[in-house]
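Enquirer: Before I ask anything, let me first share the structure, which is written out below as structure tokens.
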Amino acid sequence: MQARVVQASRGARWLAEGWRLFRAAPLGWLTLVFAYWLLMTLASLVPVAGVALASLLVPAFSVGFMAAARAASRGAPLELALLFEGFRHERRSQLALGAAYLACLALVLGASAAIDGGALARWMLWGERPGDEALQSEEFLAALACAAALYAPVMMLFWFAPPLASWHSTGATKALFFSFFGCLMNWRAFLAYGAVTAVVTLGLPFLALSALTLAGGSRVPVTSLVFPLLIVLLPTLFASFYASYRDVFGAVE
């Protein structure tokens, strides 16, 4: 196993590859996404330990979405069982990655809480939205910037780690190592991917809202517009993760 360095233009096409994989089996993707939402919601409802439990499961479920994208790329049907592939192969490594991910989240939110008194952490963990005055405060904005800066290396650690641990049997520690440096070596491709993703995820809602306004539909609630876009964007993003993995580490049988 060796990470390849790909051109920035490849990173710019990862989201388009994700869209192509989504279009190959849209109903299968939507089934997997709704099942994931339901399971994670149920896990988060567990008293006290719900949020921690949901975080522990994230790496294993990400393998499931990778497996779904791999199946779509081969023209195979997307079955619900694919979502649980991360629990069938290298289960201990996936749980170790989940524990590491939970620890990283705790560090990120702990650092932000030291700046804004925990406002951002409470919003992220329990949905307690701060007031408008708190949202505009210097402390909250500084905490948000700190959390974003600290979460960037966390994303690099876990971007490729779950499939590497599951499909390459690297173990959790090596998977984190190879994932981080695989991202670092391809920073240009990831920069291009991030730019394209930001343009699409921010631009599509704006264009749709503008079209509704011009058509006289300004009274349509924003939530009724955002939800359908999320239904399409989320599986496209999940599939684009596989496109990046396939380019950098190669497809695995």
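Enquirer: Over the chain, with every protein chain in place, what whole percent of the accessible area is carbon and sulfur at 1.4 Å, could you tell me?
Expert: Carbon with sulfur: 69 percent of the solvent-accessible area.
Enquirer: Okay, moving on. Go through L57, S73, W19 and say which Cα lies farthest out towards the positive end of the charge dipole of the chain; charges sit on Cβ, +1 for Lys and Arg, -1 for Asp and Glu.
Expert: Result: S73, furthest along the dipole toward the positive end.
Enquirer: While we're looking at this one, here's another question. Over the Cα atoms of region 1-83, Rg to Rh with Kirkwood Rh, two decimal places?
Expert: When Rh is taken as the Kirkwood radius, the ratio is 1.07.
Enquirer: Residue by residue, what Karplus-based ³J(HN,Hα) values in Hz, rounded to whole numbers, does region 189-196 have, using 6.51, -1.76 and 1.60 with θ = phi - 60° and x for Gly and Pro?
Expert: After applying 6.51 cos²θ - 1.76 cosθ + 1.60, I find 5, 5, 5, 5, 4, x, 5, 5 Hz.
Enquirer: Over region 92-156, what is the mean sequence separation of C-alpha contacts under 8 Å (at least six apart), divided by residue count, expressed as relative contact order in percent?
Expert: 34
Enquirer: A follow-up question, please. How about region 64-165: which trypsin sites (Lys or Arg not before Pro) there lie in a loop by DSSP and see at most 13 other Cβ atoms within 10 Å?
Expert: Loop-located and lightly packed - R74.
Enquirer: If each residue of separation counts as 0.36 nm, what is the full-extension length gain between L45 and F84 once their alpha-carbon separation is subtracted?
Expert: 12.0 nm
Enquirer: Something else: Using a simple charge model, +1 on the beta-carbon of Lys and Arg, -1 on the beta-carbon of Asp and Glu, nothing else, what dipole does the chain show about its Cα centre, in debye to the nearest 20?
Expert: The dipole of the chain has a size of about 840 debye.
Enquirer: Per DSSP helix of 4 or more residues, -39500 (n - 2.57); summed, then divided by the residues of the chain. What does that give at 222 nm, rounded to the nearest 500?
Expert: Helices in the chain give a 222 nm mean residue ellipticity of -26500 deg cm²/dmol.
Enquirer: Another question, if that's okay. If you roll a 1.4 Å probe over the heavy atoms of the protein chains, what accessible area per residue do you get for the chain, in Å²?
Expert: Averaged over the residues of the chain, the accessible area is 53 Å².
The values are calculated or read from the model by the stated rules, or taken from the named source; none is laboratory data. These numbers were taken from a predicted model, which means no experiment stands behind them. Glycine gets a Cβ as well: all are built from the backbone with ideal geometry, and neighbour counts include every protein chain shown. When the accessible area is computed, the model is the full protein with side chains, heavy atoms only, and any ligands, DNA or RNA have been set aside. Shrake-Rupley method; radii C 1.70, N 1.55, O 1.52, S 1.80 Å.
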